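Enquirer: Let me begin by handing over the structure; questions about it come next.
The values are calculated or read from the model by the stated rules, or taken from the named source; none is laboratory data. Note that this is a predicted model, so its numbers are computed, not measured. Every residue, glycine among them, receives a Cβ derived from its backbone with ideal geometry; neighbour counts consider all protein chains shown. Areas reflect the complete protein model, heavy atoms only, side chains present, ligands, DNA and RNA absent. Shrake-Rupley method; radii C 1.70, N 1.55, O 1.52, S 1.80 Å.
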Amino acid sequence: MTAASRASAAAPDTQGAARSESRLYTITELAQEFDVTPRAIRFYEDMGLIAPARAGRNRVYAHRDRTRLKLTLRGKRLGLSLQEIKQLVDMYESPSDTAPQLQAFLGVLAAHRRQLEQQREDLEVTLDEIVQHEARCRSLLAGADRSAADTAPAAPRRRVKSAA
């Protein structure tokens, strides 16, 4: 291997990166890739989260739109509101050194964390109550079964007629 070929092999593939950045996607391709419906993608478009270009009557999505959709779906999985997701997605496009935006987003994340921790605590309390109710029901059923066995009338005897 020559020095020139080693240098080109070690160099980053800027053409490949540029190609993927300039690639356009259809709504069907994005829907399949992210396992969402085209209607969901159109909804996110209506909410201002993505803004595809048009090629005639068809929507065409650039790499920017794909990334914004990916961030939107990630925010949705985290349970963020659309407004919070929009903040996150818009921050993606702003310079990364905007301290006020990052501080605001940290505040959103902290509030969301507190809410989720409270929900988890509420779920644990509810699960503990369910365990107590199950134990009480089992205890009552066991007592009812014993009581039924103790008080059950003896089965009536059948008289057998003698053949005499």
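Enquirer: Between residue 94 and residue 51, what is 0.36 nm times their sequence separation minus the Cα-Cα distance? Round to one decimal in nm.
Expert: 13.9 nm
Enquirer: Still on this structure, I have one more. Find, among the trypsin sites (Lys or Arg not before Pro) in region 32-140, those assigned to loop by DSSP (not H, G, I, E, B) with at most 11 other beta-carbon atoms within 10 angstrom.
Expert: 57
Enquirer: Which percent of the accessible heavy-atom area of region 47-135 goes to carbon and sulfur, probe 1.4 angstrom?
Expert: 55 percent
Enquirer: Tally Lys/Arg at +1 and Asp/Glu at -1 over every other residue whose Cβ is under 12 Å from the Cβ of residue 130; what's the total?
Expert: -3
Enquirer: What number comes out for accessible area per residue over region 39-80 if the probe is 1.4 Å? Units Å², please.
Expert: Value returned for region 39-80: 56 Å² of accessible area per residue.
Enquirer: What is the percent of Cα-Cα separations in region 41-88 that go past 15 Å?
Expert: The share of Cα pairs beyond 15 Å in region 41-88 comes to 41 percent.
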